[in-house]
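Everything on this sheet refers to the single structure shown next.
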Ligand code: PMP
């Protein structure tokens, strides 16, 4: 006699093996086996001394990845959006003014997050694939005199790496906090946080933990989010003067193991080597695309994000058919555009262990084949 009215779902009574796939979209990417193996290690308490040691290693690894000595450098429990909200919630209160440079979807999202707080939001907007000159940013800072300025450095929706040299100095001049959002995966686009004067930077590897760094002066005392309150997080990560770390939330212990391992790979290889590798592989890819007759969405080579390449969607084709064909025939993920670039581009990510010439050859072959087999209308 069963007293349960909802039976166990039949789907959960089946095994669920996960297929191998080459993940060459804008993320997530494949991770080396040692990162997956690290995540499968035995569970520990999130405040056990061994876990705290791992969190300390993670802090040092993120300081290295961001090239910063900011004491408050940690990983937020959650995806990149959690780090974005953490940075914005801790910098803005209702009525505070913020200037957001919108160069793709992440600026749009930042503006929406700030609006939801009740901040006074001003924006400057550039065309898809474009960027702001420092003079334009200075003019806007002068006009709006914001308390906070937000810029996306690695714009994964348009494939632009935004120049940031000198912007930290401009923010300093106008006495506003500078928030930088970036996707760089492991070793993508160079960032020197201390030299460039950034207060925040987001990097997503692997999904589920989101590195962030704040300069000391940066955050508000009582942000609207309890979960993302930087004072609590700083204590939980041992970045304050208190001797005891208090329970705030249960950290994703297994994800910490994996994140530590991915930062270990970064340390072993050296950031500068990884930057060089990503740049070389991206350039090899771009050359191959042009030889096939495809066009890069970002014309200026210096502005091309090495980790995520945007290709002008081939005229006459349905981009969905191309990505679908490549998935079905080659088991490779590539993706379409996002926000302003939706329907306009294809996006291919070559990040971390996926950044190799062998993968470039595979994706070029898959693209060439897709262009032969997918339907082309006369344009
Ligand atoms: N900012 C940037 C620049 C991103 O590219 C992304 C997504 N890759 C995010 C924020 C959001 O990250 P997530 O999807 O992990 O929430």
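Values in this text are rule-based calculations from the coordinates and carry no lab data. Remember, predicted model here, so these are calculated numbers, not experimental data. When we count neighbours, we look across all protein chains shown, and the Cβ atoms used for this are built from the backbone with ideal geometry, even at glycine.
Classify segment 292-378: rounded, prolate or oblate, from the alpha-carbon gyration tensor (a ≥ b ≥ c, eigenvalue square roots; a/c under 1.5 rounded; otherwise prolate if a/b is larger than b/c)?
oblate
Report the far tail of the P(r) of segment 258-298, meaning the percent of Cα-Cα pairs longer than 16 Å.
Cα-Cα pairs of segment 258-298 separated by over 16 Å account for 52 percent.
Please list the radius of gyration and Dmax for segment 223-376, considering alpha-carbon atoms only, with Å as the unit.
20.7, 66
When the gyration tensor of segment 19-95 is built from Cα positions, what are the square roots of 5 times its three eigenvalues, in whole Å, from largest to smallest?
26, 21, 14
To make sure I understand, if each residue's beta carbon is the centre and we count other beta carbons within 10 Å, what order do 353, 11 fall in, fewest to most? Write down the numbers at each step before the final one.
Details: 353 17, 11 7.
Ordered from fewest to most neighbouring Cβ atoms within 10 Å, 353, 11 come out as 11, 353.
Rounded, prolate or oblate: which fits segment 315-362, taking a ≥ b ≥ c as square roots of the Cα gyration tensor eigenvalues, rounded meaning a/c under 1.5, else prolate when a/b beats b/c?
Details: a/c = 2.42, a/b = 1.43, b/c = 1.69.
The shape class here is oblate.
Highest mean first, how do 27-38, 335-346 rank when packing is the count of other Cβ atoms within 10 Å averaged over residues?
Top to bottom by mean Cβ count within 10 Å: 335-346, 27-38.
In whole Å, what are the Cα extents of the chain along the three principal axes, biggest one first?
Sorted from largest, the Cα extents of the chain read 71, 64, 48 Å.
For each of 73, 158, count neighbouring Cβ atoms within 10 Å of the residue's Cβ, then give the residues from fewest to most. Each step should come with its number before you reach the end.
Numbers: 73 26, 158 32.
Neighbour counts put them in this order, fewest first: 73, 158.
Full-extension gain between residue 291 and residue 267, please, as 0.36 nm times their residue separation minus the C-alpha to C-alpha distance.
5.1 nm
Per 0.36 nm of contour for each residue apart, how much would the distance between residue 44 and residue 2 grow if the chain were fully extended, relative to their Cα-Cα spacing?
11.5 nm
Using alpha carbons only, what's the Rg to Rh ratio of segment 242-324 with Rh from Kirkwood? Each step should come with its number before you reach the end.
Numbers: Rg = 20.1 Å, Rh = 16.7 Å.
Over the Cα atoms of segment 242-324, Rg/Rh equals 1.20.
Out of all DSSP beta bridges in the chain, what portion is antiparallel? Express it as a percent rounded to 5.
Expressed as a percentage, antiparallel bridges in the chain total about 50.
Counting other beta carbons within 10 Å of each residue's own, what order do 44, 92 fall into, fewest first?
44, 92
Using r as the Cβ-Cβ distance of residue 221 and residue 134, and R0 as 41 Å, what FRET efficiency do you calculate, to the nearest 0.05?
0.80
If the viscosity is 0.890 mPa s and the temperature 25 °C, what Stokes-Einstein diffusion coefficient in µm²/s follows for segment 122-170 when Rh is the Kirkwood radius over Cα pairs?
Translational D for this selection: 212 µm²/s.
Between the alpha-carbon centers of segment 222-237 and segment 10-83, tell me the distance in whole angstrom.
Here the answer is 20 Å between Cα centres.
If one puts a single equal scatterer on every Cα of segment 1-151 and applies the Debye formula without solvent, what log₁₀ I(q)/I(0) results at q = 0.09, 0.10 Å⁻¹?
Computed log10 I(q)/I(0) values: -0.53, -0.64.
How high is the FRET efficiency between residue 115 and residue 16 when r is their beta carbon distance and R₀ equals 30 Å, given to the nearest 0.05?
0.15
Compute the FRET efficiency between residue 369 and residue 37 as 1/(1 + (r/R0)^6), taking r as their Cβ-Cβ distance and R0 = 35 Å, and round to the nearest 0.05.
0.55
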